[in-house]
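The values are calculated or read from the model by the stated rules, or taken from the named source; none is laboratory data. Owing to the predicted nature of the structure, the values given are computational and were not obtained by experimental measurement. Because the Cβ atoms are built from the backbone with ideal geometry, glycine has one as well, and the counts that use them run over all protein chains shown.
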Ligand SMILES: [Zn+2]
Ligand SMILES: [Zn+2]
């Protein structure tokens, strides 16, 4: 495809993104070209643009790993998708397909995995080159803007719930009712779990109730661990910590029922002290988790296609990205911002 496209590019870490006119990329052998309709803005994009993590992206690059669009061109040898398909280009952009982790469908930890909007250019652009083996297939009836947050925030909360191994009828704590947590409540209810929402913001707890939470605990008042144990009759079988707060991690372990699992998906910098006696004596598992495999991507999207999960979204144009990052950095984004790239 000839012509130019708009992209929001990180040229220097910790500086504003620059809106550039770039040539539309050409898909190589085994790749596809996706015309972006929408792309969600994730906190990880901010970390990428700031060069916060040990493995930094190579400059310049285009962030965005919640890009949804239509396949408009195929490189040679592509059979997994066809022109006109609506796909998502996720954080797990590609993986090797043959290491022990890929063989076990644990591809997000493949040593050769590429990450969308991080090690390869992402969705803050009118076109994205994608690997058709790893794109998300967006079910019919799900709008691009609605699907966007699900391919990172949605799958991360869904997979995190699965990793707790809590069973229908059991309790799960969802700690942190933001971009991940508000989806986590809906997934957990749809999976037949009892949900106890934990946050420090009354407004977010009210929202949690509207989304179906069976109990709500404000972590700012009184003893939140005791309150959760009371509400769940001894602690939750599963605890999912989405809050980027070390205090929430420590509390989460205390909220976990004997033989339960506390799953961490938030990524605050630093370390938290683990109450070893409680963990050992109560046989508690603490597990890290991020995104999920391709089958879990399809599952996470299916819940939304069936109307059981719906992300709160706020639409913004691509040109607003720096203002959005500013708000994100100050915790000023109540829902998920989705860049409406189709109308750019
Ligand atoms: Zn993300
Ligand atoms: Zn691999």
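Kindly provide the set of residues from the stretch 102-130 that are buried (at least 18 other Cβ atoms within 10 Å of the Cβ), within 13 Å of ligand 2 (Cβ to nearest atom) and farther than 21 Å from residue 56 by Cα, ordered by number.
Kept after step one, since they are buried (at least 18 other Cβ atoms within 10 Å of the Cβ), are these residues of the stretch 102-130: 102, 107-108, 110, 113, 115-118, 120-130.
Filter once more, keeping what is within 13 Å of ligand 2 (Cβ to nearest atom): 102, 107-108, 110, 113.
102, the sole residue that qualifies.
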Only one residue in 334, 317 is more than 20 Å from the chain's Cα centre (by Cα) and assigned by TED's automatic domain parsing to the domain that holds residue 13, so which one is that? 317
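So, in the stretch 6-26, of the ones that are closer than 15 Å to residue 339 by Cα and part of a strand (DSSP E or B), which residue ends up nearest to ligand 1 (Cβ to nearest atom)? Write out each step before concluding.
Initially, the stretch 6-26 is screened for residues closer than 15 Å to residue 339 by Cα, giving 6-9, 17, 19.
If we keep only those that are part of a strand (DSSP E or B) as well, we get 6-9, 19.
Working: 6: 22, 7: 18, 8: 16, 9: 19, 19: 22 Å.
In this case the residue turns out to be 8.
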Any residue in the stretch 216-232 that is assigned by TED's automatic domain parsing to the domain that holds residue 175, in contact (Cβ under 8 Å) with a residue 60 or more places away in the chain and not in a helix (DSSP H, G or I)? yes
Could you go through the stretch 36-52 and let me know if any residue there is assigned to a strand (DSSP E or B) and within 16 Å of ligand 2 (Cβ to nearest atom). no
Number of the condition not met by residue 133 [criteria: (1) within 14 Å of ligand 2 (Cβ to nearest atom); (2) at pLDDT below 95]: (2)
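What's the total number of residues in the stretch 256-280 that are at positive phi and either outside any strand (DSSP E or B) or surrounded by 14 or more Cβ atoms within 10 Å (Cβ to Cβ) (or both)?
We begin by selecting, within the stretch 256-280, every residue at positive phi; these are 259, 270.
Adding the requirement that they be either outside any strand (DSSP E or B) or surrounded by 14 or more Cβ atoms within 10 Å (Cβ to Cβ) (or both) leaves 270.
Selection size over the stretch 256-280: 1.
Identify all residues within the stretch 295-322 that are part of a helix (DSSP H, G or I) and under 17 Å from residue 152 (Cβ atoms); write none if there are none.
Going through the stretch 295-322, the residues part of a helix (DSSP H, G or I) turn out to be 295-305, 318-322.
Scanning the stretch 295-322 gives 295, 296, 297, 298, 299, 300, 301, 302, 303, 304, 321.
Take the conditions within 16 Å of ligand 1 (Cβ to nearest atom) and either surrounded by 24 or more Cβ atoms within 10 Å (Cβ to Cβ) or at negative phi (or both) and apply them to residue 177. Does it pass?
Details: within 16 Å of ligand 1 (Cβ to nearest atom): no; either surrounded by 24 or more Cβ atoms within 10 Å (Cβ to Cβ) or at negative phi (or both): yes.
No, not satisfied.
Among the residues of the stretch 86-96, is any farther than 20 Å from residue 296 by Cα and either within 15 Å of ligand 1 (Cβ to nearest atom) or part of a loop (DSSP other than H, G, I, E, B) (or both)?
Keep residues of the stretch 86-96 that are farther than 20 Å from residue 296 by Cα, which gives none.
Within the stretch 86-96, none of the residues are farther than 20 Å from residue 296 by Cα and either within 15 Å of ligand 1 (Cβ to nearest atom) or part of a loop (DSSP other than H, G, I, E, B) (or both).
Among 249, 325, which is buried (at least 16 other Cβ atoms within 10 Å of the Cβ), within 16 Å of ligand 1 (Cβ to nearest atom) and in a helix (DSSP H, G or I)?
Values: 249 fails: within 16 Å of ligand 1 (Cβ to nearest atom).
Sole residue among the options that is buried (at least 16 other Cβ atoms within 10 Å of the Cβ), within 16 Å of ligand 1 (Cβ to nearest atom) and in a helix (DSSP H, G or I): 325.
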If the Cβ limit is 6 Å and pairs must be 6+ apart or interchain, which residue in the stretch 92-119 that is in contact (Cβ under 8 Å) with a residue 60 or more places away in the chain pairs with which residue that is assigned to a strand (DSSP E or B) and within 16 Å of ligand 1 (Cβ to nearest atom)? 108/92
What is the one condition in (1) surrounded by 18 or more Cβ atoms within 10 Å (Cβ to Cβ); (2) outside the structural domain of residue 38 (by TED's automatic domain parsing) that residue 244 does not satisfy? (1)
If residue 29 satisfies all but one of (1) farther than 14 Å from residue 148 by Cα; (2) assigned to a loop (DSSP other than H, G, I, E, B); (3) within 22 Å of the chain's Cα centre (by Cα), what's the number of the condition it fails? (3)
